[in-house]
Structure formats: C-alpha cells, structure tokens
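What follows draws every value from the coordinates through simple rules; no lab data is involved. Everything numeric here is computed off the predicted structure, so don't read it as measured data. Here the Cβ is made from the backbone with ideal geometry for all residues, glycine too, and neighbour counts use every protein chain on show.
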Amino acid sequence: MNLLPILLFEIAWKLLWLGTVALPLWLDGTLEGATREQTPAVLWVGIIIAVIPWRHVLTEYVLAPAEPWRRSR
C-alpha cells in the first residue's frame, strides 16, 4: 500500500490551515485560545515536507503519462 498520497493530502490541508487561519491571526496579533494551542502541532508539517521523496512525487504523479479511463463491464 502506497501512503504517499495520504502524506501529500496531509501537507496540503496543514499548509492551507496555516495560511488561511493561523497566519492572518498571528500577523494581527490575535492568535490565542484553541488556535494558538493547535498551531505548534500543525507546524510539524515541516518534518513531513522534509522527508517526502520529491523526485519520486514529480516523476510518478506529475510527469508520468496518464492511464486512459476504462469503463467497468
């Protein structure tokens, strides 16, 4: 089983949350409460980004030719 797509999804939602929720609050100086407690846990996404084999992602998911869709019979 290939878990790489799950890790890519994990990176996507964490970066999206950081950019749309935590960063604006932090810049305004209003990062507090549950958002302040959750932000350090979400920042661990940096480790996931560091260990992803990006060359493999590029060759397998970006540059690889697509397979034609097939109908079930």
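Mind checking whether some residue in region 12-23 is small (Gly, Ala, Ser) and within 10 Å of the chain's Cα centre (by Cα)?
Checked region 12-23: at least one residue is small (Gly, Ala, Ser) and within 10 Å of the chain's Cα centre (by Cα).
Please state which of the following conditions Glu67 fails to meet, knowing it meets all the rest: (1) touching a residue at least 24 places away in the same chain (Cβ under 8 Å); (2) more than 21 Å from the chain's Cα centre (by Cα).
(1)
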